[in-house]
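Undergrad: First the structure, then my questions, so here it is.
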Amino acid sequence: MAGYVALLRGINVGGANLIGMDALAEDFRAAGYESVRTHSQSGNVLFTAKPQTAPDLEAALESMLRHRLDAPLTVIARSRDELAATVAAAPADHGSDELRSEVFFLKHPLTADEVMAQLPELRDGVDRMAAGPGALYFSRTKALATKTRIQRLMAMPVFKRMTVRTWRTTTRLLELLDA
């Protein structure tokens, strides 16, 4: 069995798509996944399953959730090793005290290069974006965070094929998979 994290997009945000984490974990168990647990209320599900490709796992989870919750949800799945590679490839200062740092996880088959090619202009001295394996690393200077231009990316159709986690949540998910 291999360790995975499923990152559900757009649930429990601003009062929309409210899904209880206990019920969500039970849905995963009922579908045959093992060692299921959730982290925070934003749709992070850790579990074990037979090894499979992330695109196949994403499709299976989306189908299962569509049937159980009667709602189409975007799921981005990462194996423990894929998540570890994403964490290891982050820029050296990602997550530093001077920055607000996040990881934009990309749904397969979307690539970081594809998104970087259409990335709108960010604000110099405020925003930074770097490509990584299956993800983009976004950070903004804390003192200037209100001046960010990241909303331009968030308004683009390609953003619907991503989900965002804080750097702290991302590293915590890896810690939980390793526990």
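The values are calculated or read from the model by the stated rules, or taken from the named source; none is laboratory data. Everything quoted here is computed from the prediction, not taken from an experiment. Counting neighbours? That spans all protein chains shown, and the Cβs are built from the backbone with ideal geometry, glycine included. We work out accessible area using only protein heavy atoms, side chains counted, and drop any ligands, DNA or RNA first. Shrake-Rupley method; radii C 1.70, N 1.55, O 1.52, S 1.80 Å.
Undergrad: Determine the order of I19, I76 by accessible area, beginning with the largest, at a probe radius of 1.4 Å.
TA: Correct descending sequence by accessible area is I19, I76.
Undergrad: Same structure again: Might you work out the accessible area of R80 for me, using a 1.4 Å probe with all protein chains in place, and round it to the nearest 10 Å²?
TA: 80 Å²
Undergrad: Please list, ordered by chain and number, the residues whose modelled amide H lies under 5 Å from the amide H of G134; skip anything fewer than 5 residues away on the same chain.
TA: Residues meeting the criterion, in which the H sits 1.01 Å from N, are A112.
Undergrad: Now for a different question. For region 1-98, report the accessible area per residue in Å² (1.4 Å probe, heavy atoms, rounded to an integer). Mind dumping the intermediate values first?
TA: On the way: 4760 Å² over 98 residues.
Per residue, region 1-98 has 49 Å² of solvent-accessible surface.
Undergrad: Accessible area, 1.4 Å probe, largest first: how do K50, K147 sort? Working shown, then result.
TA: Working: K50 150, K147 105 Å².
I get K50, K147, largest accessible area first.
Undergrad: Oh, and also: Using only Cα atoms, tell me the angle between helix 21-30 and the longest principal axis of the chain; keep it within 0 to 90° and round to the nearest 10.
TA: For helix 21-30, the angle is close to 50 degrees.
Undergrad: Please give the charge dipole size of region 31-179, origin at the Cα centre, charges +1 on K and R Cβ atoms and -1 on D and E Cβ atoms. Round to the nearest 20 debye.
TA: Values: 20 positive and 18 negative charges, 96 e Å.
Dipole size: approximately 460 debye.
Undergrad: Tabulate in residue order the Karplus-calculated ³J(HN,Hα) for region 55-63, using 6.51 cos²θ - 1.76 cosθ + 1.60 with θ = phi - 60°, rounded to whole Hz; enter x for Gly and Pro.
TA: x, 5, 5, 4, 5, 5, 5, 4, 5
Undergrad: Next question, about the same structure. Can you give me the C-alpha center-to-center distance between region 141-179 and region 88-132, rounded to a whole angstrom?
TA: Result: 8 Å between the Cα centres.
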